[in-house]
1. Leaving out ligands, DNA and RNA, what percent of the accessible area of the stretch 323-416 is carbon and sulfur, probe 1.4 Å?
2. If you count only protein heavy atoms with a 1.4 Å probe, what accessible area per residue comes out for the stretch 301-355, rounded to a whole Å²?
3. Heads up, I need the accessible area for LEU63: 1.4 angstrom probe, whole protein in place, Å², nearest 10.
4. If you take the C-alpha gyration tensor of the stretch 577-677, multiply each eigenvalue by 5 and take the square root, what semi-axes do you get, largest first, in whole Å?
5. ALA381: net charge of surrounding residues, Cβ under 12 Å, Lys/Arg +1, Asp/Glu -1, itself excluded?
6. P(r) for the stretch 447-533, please, calculated from all Cα pair distances in 5 Å bins and given in %.
7. Classify the stretch 318-369 from the C-alpha gyration tensor, please: rounded if a/c falls under 1.5, else prolate or oblate depending on whether a/b exceeds b/c.
8. Of the heavy-atom accessible surface of the stretch 182-243 (probe 1.4 angstrom), what whole percent is carbon and sulfur?
Amino acid sequence: MALLHNLGFPRIGANRELKFALEAFWDDRISDAQLLQQAADIRMQNWQLQQPLDWIPVGDFSLYDQVLDMSFCLGNVPTRISKLDGSELDRYFRTARGRAAKSDTEPCLHASEMTKWFDTNYHYLVPEVTADTTFSVNSARLLEPFNEARNAGIKAKPVIIGPVTYLWLSKAKDESHRLDLLPRLLPVYSQLLEALADAGAEWVQIDEPALVTELSPEWKHAFEFAYHTLKANRPNLLLTTYFGTLQENLRLACHLPVAGLHIDAIRGRDEVHRVVDWLPAHKVLSIGVIDGRNIWKTDLNATLDWLEPIAARLGERLWLAPSCSLLHVPVDLDNETDLDPEIRNWLAFARQKLTELMVLGKAINQGRTAVATELAANQAAIVSRQQSSRVHNPLLTQALEAITPEFGQRQHHYAQRAPKQAAHLQLPLYPTTTIGSFPQTAEIRKARLAFKQQQLSWSDYQAGMKTEIERAVREQEALGLDVLVHGEAERNDMVEYFGEQLEGYVFSRFGWVQSYGSRCVKPPILFGDINRPNPMTTDWIKYAQSLTDKPMKGMLTGPVTMLNWSFVRDDQPRRQTCLQLALAIRQEVLDLEAAGINIIQIDEAALREGLPLRRSEWQNYLNWATECFRISANGVRDETQIHTHMCYSEFNDIIEAIAQMDADVITIETSRSDMELLDVFEEFEYPNEIGPGVYDIHSPNIPDQEQIIHLMGKAAERIPDKRLWINPDCGLKTRRWEEVIPALQNMVSAAKALRQSA
Ligand code: GLN
Ligand code: ZN
């Protein structure tokens, strides 16, 4: 008998109930008790959905973030927070979100740093440690939901983050080495495990995804040390890895003294046989056979063809699960009543994935005939997707085959293009510009909603947006900016706007996935070959250009960002999909150029997000990512200036790739780092132009002229002034006009002052 279990379920709720409860709580519209009750309701619903499984995760739910929960469970709360009075809930949210000062005497409290959870778009709160960090167990945080589940008759399996991954995720706030804390941390884990055993836990899922990354010998040793220490504790440990392959850590993972191992058989299918060979005979092997990172139906028959012989070898030792927590997929496809039925039939969200798991389990335990109907329906869906002419467009295959190396080449090097652009554009020293969007006002949002709900005609909507564009252009002219933008009034979101106009994309209505805390994203679904039937932006940009003699910058989202912020096909390599996107953007770039637009910006905010977990795989990704950017950008004449924009990013280890992209101008977020981010551009002798952000658009503060001059001075120490631009850090869509105008006034006057003193 194979057992079925799950590693984690989305906690945001099918209708984002948690998000709305959190926001109500933070606005003081509901009480602590009401928030906790809402949370308990969502937990209970999730457990009930999972009830048919043999083991159901408990402790995967979180009010904000599971890593922050672990920090609280281990008594590792930053001292600036732990010394505050107030409730634990209050301290928890203060760690997560910080708090602005309410009076002059009260200091403002900064939140813990947030960063990407492995290679997902989920962000966790980085545990803070120092040489003095001590830990103390707070097992109630886990025992409460555990008892709640058990009282409801749920077969609960507590989920915790393992001690090595916990330290691997933390950041030392002093010079100390975080791994030195392991001996202090382990006794607290032991206490926690014992408390769970006392409460009746048989199995504990202990997540150690750090095992799929490249580990130095000391981290490998830490795994040995930790698990040889924890083996004295009573609960059976299921050591859980996901998001990749174990590779050189495979033997280590197999031999740690635990009762079971979970591996990701979606990303690491080729390793499963080796794991079966290496795993000691008394251990359970949990195989993650359902993709927890994507929204496609599993090919159940193909999975069974592969799984049945393994199941025969493992017998009672086999457990089946999704590859990772289902946190990274939306909750319930049944809500998507508007989705194209043909495409919906190819999809599975979290609930549907659990159903797939149950079908697989039954087929393994009772034979395929026990689920013949389900398997036949699945087969039909898989074949429908494989054969659909909406997925496969022969013209696209031809277009990809026709790509030659020239597609990625500009006519000449930057050094030869730059003077031609300068002659053509006639820009002053330190040209000023903005990143694309201007405030998305309430009127804009109202108009878009009315248009979507068919209460506003296309021509009325268009007229409304044109008014907004005109306003943005007039304001920019009055400010005296050098390169203008149209302001992106017509765009809901930088990926969705383009996806909606491309063949090969669909959009869910409720396909929300948690990004962090109460923040969710709704990634578009890229299901088929990408084709651009019509120009997507030219009418708007041409209109904007018609209003002014200043150069108008065309504004596009780049192929790599489109890819990294979408759910994408699993039936072809990511590079292939990205090349198709690149061709579509390339057509748009050429149409903009033909329409007389001389500057075109292609945003690649998410370039870095696509980096694989293992460094050894970085170069391959960066090669095709830059290739795709170049294909999208480089069809233009020398005189046409290509810009790219990247949000806050570490450039140190990818500077070569950034230079490879060869945009004439790159704008980046730098205002909060005092221009230190430019060090690497200086060291690398980055040859093209750079616009380091001088206005932190995330903050309501208005930068003054002196500050901007100071920042540009720092920039000019690193990059020759002839190659510097002046611009904000990012788009201004989240700010109000009342904030934007004075900030940009100061920016323009700073540029004027700098030109005078140059
Ligand atoms: N052009 C976009 C804007 O200004 C860029 C947004 C981003 O980088 N995230 O809104
Ligand atoms: Zn940005």
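The values are calculated or read from the model by the stated rules, or taken from the named source; none is laboratory data. Fair warning: this is a prediction, and the values are worked out from it, not measured in the lab. Cβ: placed from backbone, ideal geometry, glycine included. Neighbour counts: every protein chain shown. Side chains are part of the model used for accessible areas, which takes the heavy atoms of the whole protein and leaves out ligands, DNA and RNA. Shrake-Rupley method; radii C 1.70, N 1.55, O 1.52, S 1.80 Å.
1. 53 percent
2. Details: 1870 Å² over 55 residues.
Ligands and nucleic acids excluded, the result is 34 Å² per residue.
3. Surface accessible to solvent at LEU63 totals approximately 20 Å².
4. For the stretch 577-677, the semi-axes come out at 24, 18, 10 Å.
5. Here the count lands on -1.
6. Pairs per bin, as whole percents: 3, 12, 14, 17, 17, 16, 12, 7, 1.
7. oblate
8. Ligands and nucleic acids excluded, carbon and sulfur reach 53 percent.
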